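Read through the structure below, which is laid out as structure tokens, and then see the notes.
Bear in mind these aren't lab numbers, they're just calculated from the coordinates by the rules spelled out. Because the structure is a prediction, the values reported are computed rather than measured. Here the Cβ positions follow ideal geometry from the backbone for every residue, glycine too, while neighbour counts run over all protein chains shown.
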Amino acid sequence: MKYAVRICGAALAAALGASAAQATALPITGGVTAVTLTSAPTLASVGLGVAPLGTATVSPGSDGTPLAYFPVTGGAIDTGSFAGTIEHDGSGLALSDASITLNLTDFVIDTVALTLTGNAAFGTTAIPGVPLFNIGFSGNAVSPFSLTLTAAAAGALTAVFGLPDLTGLEIGTANTIPITTAVPEPATYATLIGGLALLGGVLKRRRQQRESAAEPALA
């Protein structure tokens, strides 16, 4: 029997307590990642426009902040460790000024490295697998993840458009809702009901580990 399970990055759910024996890698078959492009005013101020590519869509948003949507096309997530990838083949964003366009496509979210990579192309130059954004925790329940420019991405903007170093600039806040199907075991399915703390769980664990490491050892 097949089940459709929505894995919501914003949710904090019982799956955090799943045992290693229950853990299994679930293939991702669909879903969407939504990004609120909070950087739109900054990009516009330096002469860059943003447009969707392929199957991506961009809407103006209720407050005028553009919202970009990228269909999830594949990947897999381990239900015990939340390790895995979320793929977005065939969609992306185009950044352009009056004469040059930089295409960023085929995004892949790595839930272990907490990075978003993609293919970059401008003119006749194409570079695959560029680390574009670092993923952090925004604290926003609707868009719980922040996407900030990596040094590599900022360097590309400098090289292509002559911009100053924008390393660390928040490009937007995001939420990802991948969908998996064909859950093999009822026990595994039960751990997913109510949503998994996908990237949120990973970030929470890492923060707790850092805090524990910072505490002085007890005498």
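The string of couplings for segment 57-66 from the Karplus curve (6.51, -1.76, 1.60, θ = phi - 60°) is 10, 10, 10, x, x, 5, 9, x, 7, x Hz, one whole number per residue in order, with x for Gly and Pro.
Give the order of L93, L169 when sorted by the count of other beta carbons within 10 angstrom, beginning with the fewest. Could you put the intermediate results ahead of the total?
Details: L93 23, L169 18.
The order, fewest Cβ neighbours first, is L169, L93.
Between amide H atoms placed 1.01 Å from N, distances below 5 Å from L163 occur with T158, all of them 5 or more places distant or on a separate chain.
Working note: Karplus 6.51/-1.76/1.60 with θ = phi - 60° gives segment 120-128 the couplings 10, 8, 8, x, 9, 9, 10, 10, x Hz, where Gly and Pro are set to x.
May I ask for the net charge around L149, where only other residues with Cβ less than 14 Å from the Cβ of L149 are counted and Lys, Arg are +1 while Asp, Glu are -1? That works out to -2. The slack between S62 and I179, meaning 0.36 nm per residue of separation minus the straight C-alpha distance, is 39.5 nm. Under 5 Å from the amide H of G31 lie the amide H atoms of V72, I179, each residue being 5 or more positions distant or on a separate chain, with H modelled from the backbone and absent for Pro and chain starts.
For segment 131-140, backbone phi angles converted through the Karplus equation (6.51, -1.76, 1.60; θ = phi - 60°) give residue-by-residue couplings of x, 8, 9, 8, 9, x, 9, 7, x, 8 Hz, Gly and Pro being listed as x.
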